[in-house]
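Below you'll find the structure, written out as structure tokens, and then a few comments.
The values are calculated or read from the model by the stated rules, or taken from the named source; none is laboratory data. None of these values were measured; they are calculated from a predicted model. So basically every Cβ, Gly included, is an ideal-geometry build from the backbone, and we count neighbours across all protein chains shown.
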Amino acid sequence: MTYFDKVLIANRGEIAIRVMRACREMDIETVAIYSEPDKNALHVKYADEAFQVGEAHPSGSYLNMDRIVDIAQKSGAEAIHPGYGFLAENASFARRVTEENLVFIGPSWKTIEAMGSKLGSKHMMEKVGVPVLPYTPDGVSSFDDAKAIAAEIGYPVIVKASAGGGGIGMQIVENEAGLKEAIEKGMRIAKSAFGDETVFIEKYLVKPRHIEFQVLADKHGNRIHLFDRECSIQRRHQKLVEEAPSPIMTDELRERMADSALKVVEVSDYYNAGTVEFLYTNGDFYFMEMNTRLQVEHTVTEMVTGIDLVRQQIAIAAGEKLQHKQEDVTLHGHAIECRINAEDPLNNFTANPGKIVRYRSPGGPGIRVDSGIHMGYSIPPYYDSMLSKLCAWGTDRTESIERMRRAIFEYVIIGVKTTLPLHHAIMNNRHFIDGDTHTHFLSEGHIQNNLERYLREEETRMQTLGASLRRDKEAAAISAAISVYIQKSQR
Ligand code: MV4
């Protein structure tokens with residue numbers, strides 16, 4: 001069944017290749033866009049056609065709506081997949097695509113717009129009985145109107161941007177003395193980051209878990225969930241490790257949370273793939289936000305359910321009914337994803353772009369590597385630092401951890417510093433192994449000493465490897481020649 005003849009992927013890196021893989025399996029031609037620094041990127045080589053969309057900076061390329069729509073029309077693409085990040089949750093873009101008679105592979109722009117307001121989505125969920133934390137129903141704009149409500153909610157509270165996401169602008173307030181400054185600072189950040197200074201206050205949970213539910217809905221009123229993911233190990237609101245299912249999930253809790261997640265889908269008229277985000281603490285859970293996109297960590301859900309979420313997105317966008325009933329969706333085993341970023345974990349995770357001089361990705365039983373890099377590739381400094389996603393599936397969480405350890409050992413990326421040593425330390429950390437994770441796991445310093453010891457070992461390993469690198473220069477030259485050959489043969 002070919003739902004579309006041609007789809008434009010308005011993204012780069014691993015997610016662009018991920019979407020192109022689904023398209024290739026579905027016999028759908030692919031159109032890539034690329035910025036000037038990405039002209040030799042893997043997603044450009046992978047696509048059937050590729051067009052330069054602009055210069056390095058995202059505003060001139062991957063965020064350039066006019067150019068993207070123009071390329072879609074000129075190339076004859078019928079649909080656009082936004083991936084994640086960039087324009088994936090931009091209601092104006094989804095609306096523009098729809099108004100140009102192209103299909104946006106995602107929810108309706110109206111739903112994207114509605115879920116983009118954290119306050120508005122809380123109101124919506126509260127009405128249908130989805131648990132939300134005590135909060136100020138309207139935005140707060142001054143200390144006076146906030147003081148009374150904050151006292152009612154009870155400290156600590158947190159100030160959040162309504163138009164925001166990813167923790168940007170969040171201000172934790174321990175007591176009334178800090179409230180005024182927190183509101184003013186939160187409003188300033190909200191205004192500059194999102195162009196909307198609306199902030200609200202809600203009860204602050206000290207060490208919650210981040211548990212999210214994958215959902216799928218079609219345009220005919222069918223909706224299902226595809227179980228839960230735990231994404232609590234984050235650094236500055238950037239997820240580092242995700243897993244499915246959550247290690248603390250029970251059948252009873254899952255039923256309650258899934259029921260809430262599906263209520264969110266229903267009341268928001270949602271269709272396509274989405275994620276309902278909750279915070280969990282001591283048996284209670286609270287709706288946080290609805291992510292109207294395919295997420296980075298969709299991989300672990302695919303590994304434990306066997307369902308290809310991108311294929312489902314494309315079929316739904318083409319008007320198909322859901323291919324699975326809820327009772328058909330079964331959970332099998334456990335999957336963990338480690339985000340491999342070009343960052344230096346011992347230097348405050350500073351981005352570490354550069355050239356990959358040696359690259360060998362792991363394989364074998366239960367391993368999946370979704371990456372946008374190859375030997376000889378130079379990582380541009382203009383975009384986010386994620387190089388690849390290393391995923392390990394096991395029949396249970398223990399086997400999944402054991403496999404992840406083995407895969408991290410096999411993974412060779414030379415030329416840039418990466419978060420691989422951090423993931424080695426996490427996979428060997430007693431708290432992680434016991435499933436005792438929460439959102440402040442990394443900030444509690446569990447990992448640091450392990451990390452330093454492991455890095456010293458890593459340094460020694462690199463020194464011995466360095467000796468063999470010289471021999472590999474020929475290998476690098478050969479691989480460069482091959483990639484040029486592929487490029488030429490595709491023109
Ligand atoms: C919270 C919270 C505690 N209490 N809200 C971070 C970004 C966004 N997903 C919401 N976030 C949080 N909201 C209340 N009322 C703690 C966080 C939070 C967090 C949440 C999930 C995973 C990691 C986190 C790291 C820091 C803070």
Answer with yes or no whether I379 is more than 16 Å from the ligand (Cβ to nearest atom), surrounded by fewer than 20 Cβ atoms within 10 Å (Cβ to Cβ) and among the aliphatic types (A, V, I, L, M). no
Restricting attention to the range 311-340, the residues that are over 19 Å from N428 (Cα atoms) and touching a strand residue (DSSP E or B) at 6+ places or on another chain (Cβ under 8 Å) number exactly 13
Is it true that V296 is farther than 18 Å from H324 by Cα, within 16 Å of the ligand (Cβ to nearest atom) and surrounded by 24 or more Cβ atoms within 10 Å (Cβ to Cβ)? no
Looking for something closer than 19 Å to A32 by Cα, more than 22 Å from the chain's Cα centre (by Cα) and among the acidic types (D, E) - is there at least one such residue anywhere in the range 91-99? no
Residues located in the range 245-259, provided they are within 16 Å of the ligand (Cβ to nearest atom) and either surrounded by fewer than 21 Cβ atoms within 10 Å (Cβ to Cβ) or part of a helix (DSSP H, G or I) (or both): P247, I248, M257
Scan the range 33-65 for residues that are part of a helix (DSSP H, G or I), touching a residue at least 40 places away in the same chain (Cβ under 8 Å) and not hydrophobic (A, V, I, L, M, F, W, C) and jot them down. P37, D38, H43, K45, P58
Cβ-Cβ below 9 Å, separation at least six or inter-chain, first residue in the range 191-208 and on the phi > 0 side of the Ramachandran plot, second more than 10 Å from the ligand (Cβ to nearest atom): which pairs? G195/A163
Among the numbered criteria (1) in a helix (DSSP H, G or I); (2) of a type in the set (S, T, N, Q); (3) closer than 24 Å to Y62 by Cβ, which single criterion is violated by Q295? (1)
Restricting attention to the range 259-268, does a residue exist that is more than 20 Å from T398 (Cβ to Cβ), in contact (Cβ under 8 Å) with a residue 24 or more places away in the chain and under 13 Å from the mean Cα position of the chain (by Cα)? no
Looking at the structure I just gave you, is E302 more than 16 Å from the ligand (Cβ to nearest atom) and at pLDDT below 95? no
Please list, ordered by residue number, the helices (runs of 4 or more DSSP H) wholly in the range 71-166 having 1 or more residues that are at pLDDT 95 or above and within 16 Å of the ligand (Cβ to nearest atom). 109-115, 118-127, 143-153
Quick check: is even one residue across the range 444-460 under 29 Å from I15 (Cβ atoms), under 30 Å from the mean Cα position of the chain (by Cα) and either among the β-branched types (V, I, T) or modelled with pLDDT of 70 or more (or both)? yes
Options A16, A72: the member that is under 21 Å from the mean Cα position of the chain (by Cα), touching a residue at least 12 places away in the same chain (Cβ under 8 Å) and crowded, with 20+ Cβ neighbours inside 10 Å: A16
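Select, from E277, E242, E266, E230, the only residue that is closer than 26 Å to L309 by Cβ, acidic (D, E), away from the ligand (no atom under 16 Å from the Cβ) and not assigned by TED's automatic domain parsing to the domain that holds F143.
Of the residues listed, the single one that is closer than 26 Å to L309 by Cβ, acidic (D, E), away from the ligand (no atom under 16 Å from the Cβ) and not assigned by TED's automatic domain parsing to the domain that holds F143 is E266.
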(1) surrounded by fewer than 22 Cβ atoms within 10 Å (Cβ to Cβ); (2) modelled with pLDDT of 95 or more; (3) within 16 Å of the ligand (Cβ to nearest atom) all hold for R236 apart from (2)
Given the options I201, I189, I183, name the one that is more than 10 Å from the ligand (Cβ to nearest atom), surrounded by 22 or more Cβ atoms within 10 Å (Cβ to Cβ) and more than 20 Å from the chain's Cα centre (by Cα). I183
Look through the range 360-392, keep the residues that are on the phi > 0 side of the Ramachandran plot and touching a helix residue (DSSP H, G or I) at 6+ places or on another chain (Cβ under 7 Å), and return whichever of them is modelled with the lowest pLDDT. G376
